[in-house]
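A short write-up of the structure that comes next.
We did not get these values from a lab; they are worked out from the coordinates using the rules stated. Bear in mind the structure is a predicted one, so any value in this text is a computation, not a measurement. Methodologically, a virtual Cβ is constructed for each residue, glycine included, from the backbone with ideal geometry; neighbour enumeration extends over all protein chains shown.
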Amino acid sequence: MGDISKKSAGTIRTVVQWCFMFWVVGIGIRFGLFVNSVENGSAVPLISRPPGVEGFLPIGALTSLKHWLVSGEIHPVHPAALVIFLAILLMSLLAKKSFCSWLCPVGTLSEGVYKLGRRLFGRNFRIWRGLDLFLRSIKYLLLLLFVKFILLGMSAEAVEKFLDAPYWAVSDVKMLHFFTHMSGTTLVVLALLTILSVFYKMFWCRYLCPYGALLGLASMLSPFKIRRDASVCTGCRRCTAACPSALEVHSCTEIYSPECTGCLTCVAECPERNVLAMRPAFWTQPLPVWVFPATVVFLFMAAIGAGMISGHWHSSLSYTDYQRLIPIMQNLSH
Ligand code: SF4
Ligand code: SF4
């Protein structure tokens, strides 16, 4: 990989991240217009409901996964939630935790915020190593709770009851209202997380995101890994200094860590040729810089496409269902 093409890894990632961000914002606006149609009493929706909005329902997706595993069927109410969940999991199994650094809108915003912090203070800060380790365990504990209470703890009947309930049917609308009608507590928590992210790189992702924890564990199986040729490495440590996940890249020959998001920042920063690369173990030659991004985008699109083609994308709910449920939404419990 030549130096210019290595540097372009960052540009490619920025383009992919912001294209995805605009796509997600577009989905949010479309869904908002759809819900507005219902709330304004319109007989027909102004615009059709975008199934992609179900990507914001990861806990429901986990419940849906359990339903799929025990019954062999994908529940029809919000099938896209499970399809998107599986697409992201597949990406992690094959191409590191790439969803976090290439597609996730929260990751994109977190990155923007820590770069702002670097501009303001000339650097980002590091949390004391012991405390950092403790804080990093929080996201795994949260993941453990979800696995315990949903994947292991819920019976097949309880899962079925949850997915058939009106509460799950309007969970997408509840999520929309979470963003459009933020409570004071939510605003304070978000402001606190943003401030912390100014000082500490990827605060939410590094310490608190249980979704990222799951993807990180899955990513340890990924054939793609950052690999360093120690025989030609000069030990300059520029890779380590640049890594947003604070990994000691300069001292590893392969990065197995669940914290590695496959962002390629270390590769772009390495001043030497063919020392550091994201590649599978079986591929010893240098790979063009576009291969990993293309793999990431392809895996996501292919998995979503498979969901669509197999008929597991559009919700079984009709506009009439939303007209019936949204007015009584506040009284619904799961
Ligand atoms: S090791 Fe490289 S690819 Fe992995 S998170 Fe750090 S900078 Fe990104
Ligand atoms: S930036 Fe490249 S040369 Fe420097 S320590 Fe890292 S891998 Fe070695």
Ranking ILE226, ILE84, LEU325 by how far each Cα lies towards the positive end of the charge dipole of the chain (+1 on Lys and Arg Cβ, -1 on Asp and Glu Cβ), the top one is ILE226
With x for Gly and Pro, the residue-by-residue ³J(HN,Hα) of the range 246-260, computed from phi through the Karplus equation 6.51 cos²θ - 1.76 cosθ + 1.60 at θ = phi - 60° and given in whole Hz, is 6, 8, 7, 4, 5, 10, 10, 8, 9, 9, 8, 3, x, 7, 6
Within the chain, the cysteines whose Cβ lies no closer than 4.7 Å to any other cysteine Cβ are CYS19, CYS100, CYS104, CYS205, CYS209, CYS233, CYS236, CYS243, CYS252, CYS260, CYS263, CYS270
Residues with amide H under 5 Å of VAL77's amide H, sequence separation 5 or more or different chain, H placed in the peptide plane at 1.01 Å from N; which? SER316
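Given the -39500 (n - 2.57) contribution per DSSP H run of 4+ residues, what per-residue ellipticity at 222 nm results for the chain, rounded to the nearest 500 deg cm²/dmol? Walk me through the numbers on the way to the answer.
Details: 14 runs with 188 residues, N = 334.
-18000 deg cm²/dmol, from helical runs alone.
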With θ taken as phi - 60° and the coefficients 6.51, -1.76 and 1.60, list the Karplus ³J(HN,Hα) couplings across the range 139-146 in order, rounded to whole Hz; mark glycine and proline as x. 5, 6, 5, 4, 4, 4, 4, 5
At LEU69 and LYS7, where each label point lies 7 Å from the Cα along Cα→Cβ, what is the point-to-point distance in nanometres? 4.7
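Provide the FRET efficiency to the nearest 0.05 for the LEU93-VAL44 pair, computing r from the beta carbons and using R0 = 56 Å. All intermediate terms of the calculation are to be shown ahead of the outcome.
Values: r = 42 Å, r/R0 = 0.75.
Step by step, r from the Cβ atoms, then E = 0.85.
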Starting with the fewest neighbours, write out ASP321, ASP229 ranked by other beta-carbon atoms found within 10 Å of each beta-carbon. ASP229, ASP321
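Relative contact order (percent) for the chain, with alpha-carbon contacts under 8 angstrom and 6 or more residues of separation? Numbers along the way, then the final one.
Numbers: 472 pairs, mean separation 99.4, N = 334.
Worked out over the chain, it gives 30 percent.
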Tabulate in residue order the Karplus-calculated ³J(HN,Hα) for the range 147-161, using 6.51 cos²θ - 1.76 cosθ + 1.60 with θ = phi - 60°, rounded to whole Hz; enter x for Gly and Pro. 5, 5, 7, 9, 5, 9, x, 7, 6, 4, 5, 5, 5, 4, 5
Could you list, in their original order, any pairs among LYS139/LYS201; LYS96/LYS161; LYS6/LYS139; LYS115/LYS174 whose Cα atoms are separated by more than 24 Å? LYS96/LYS161; LYS6/LYS139; LYS115/LYS174
Sorted by Cβ density within 10 Å, fewest first, the residues SER64, SER251: SER251, SER64
Dipole of the chain, Cα-centred, from +1 at each Lys and Arg C-beta and -1 at each Asp and Glu C-beta, to the nearest 20 debye? 1200
In the range 246-282, whose amide N lies under 20 Å from the spot 7 Å out along Cα-to-Cβ of PHE298? List them in ranges. 262-264, 277-282
